[in-house]
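As structure tokens, the structure follows; a few thoughts come after it.
No lab work stands behind these numbers, since they all come straight from the coordinates. Worth saying up front: this structure is predicted, and the values here are computed from it rather than measured. Cβ placement follows ideal geometry from the backbone for every residue including glycine, while neighbour counts extend to all protein chains displayed.
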Amino acid sequence: MTKTNQRLILLSIPLLAASNQLQADSDHEQHDAHVHGEAQMLIALDGTSLELEFKSPAMNIVGFEHQPKSEKQVNAVKAAMETLKQPNQIFTLSSDAQCNPVSIEVESPLAKHDGHDHDHEHDDGHKHDDDHKHHDDHKHDDDHKHEAESHSDFTAHYSFRCEQPAKLTKIEFDLFKRFPGTEQLEVQSISKKGQQKIDLTAGNNTLEL
């Protein structure tokens, strides 16, 4: 498990624990959460700490689910990753709350295509290895492809410290403009107002806290 994944899990524990009832109510939905056009956001405001965790099928973000097959697709993934790393492009917090980012983590299996974690299609110099892999991994690739193509997601975790948390009264989501493939955002939040679950759209994109 990577350090980033460990961190995301640890940061998510308070939210997931506190939202047990919400999760139970939507267990069936969560099981089939990978639906094109739909994305999820978990939000927890605890004292001065604000955590937001976003998850979306890659189709909503870049228009495809498979590993990038062209320079255009590689660039689309890079651009999406850069956009997601800028929280002010994705959502707007009440300015009076004075919330400042502490950490931002963005991940997608598609982003590893041009990096070092995917050795499938990027090793011209290892023909012998490739031939061996081809025979060995053909079944694995097929299995992996099915899973990757139907379950490729973008995830982002945003951690903020708010100087005036009582003044954080709403969050407006701009991701519908950035990623038009996203038609619905299922938001589950925990704040002083208690637990909420709401579905937001481009025409109704504000969460009241």
Review point. Which net charge results for the neighbourhood of Asp96, defined as the other residues with beta-carbon distances under 13 angstrom from its beta-carbon, given Lys and Arg at +1 and Asp and Glu at -1?
Key: +1
Review point. What nm value, rounded to one decimal, do you get for the distance between Val35 and Asn100 when each label is placed 7 Å out toward the C-beta?
Key: 4.0 nm
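Can you pull out the trypsin sites (Lys or Arg not before Pro) in segment 153-209 that DSSP calls coil and that have at most 15 other Cβ atoms within 10 Å? Don't skip to the answer; put the middle values down first.
Values: sites: Arg161, Lys167, Lys170, Lys177, Arg178, Lys192, Lys193, Lys197; in loops: Lys192, Lys193.
Taking segment 153-209 and a limit of 15 other Cβ atoms within 10 Å, the loop trypsin sites (Lys or Arg not before Pro) found are Lys192, Lys193.
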Point to revise | Residues whose placed amide H lies under 5 Å from that of Asp153, excluding near-sequence neighbours | key: Ala58
Revision key, fill the gap. Any residue on another chain or 5+ positions along whose placed amide H is under 5 Å from the amide H of Asp46 is listed here as Glu51
Exercise for review: For Asp199 and Asp174, compute 0.36 nm times the residue count separating them, minus their Cα-Cα distance, and round to one decimal in nm.
Suggested key: 7.6 nm
Practice item. Enumerate the amide H contacts of Phe91 below 5 Å, restricted to partners 5 or more residues apart or on another chain; note that Pro and chain-start residues carry no placed amide H. Key: Asp174
Review point. Put a dot 7 Å past each Cα toward the Cβ at Lys69 and Ala166; how far apart are the dots in nm?
Key: 5.7 nm
Review point. With respect to the cross-link table entries Lys78/Lys167; Lys78/Lys170; Lys55/Lys112, which display a Cα-Cα separation exceeding 24 Å?
Key: Lys78/Lys167; Lys78/Lys170
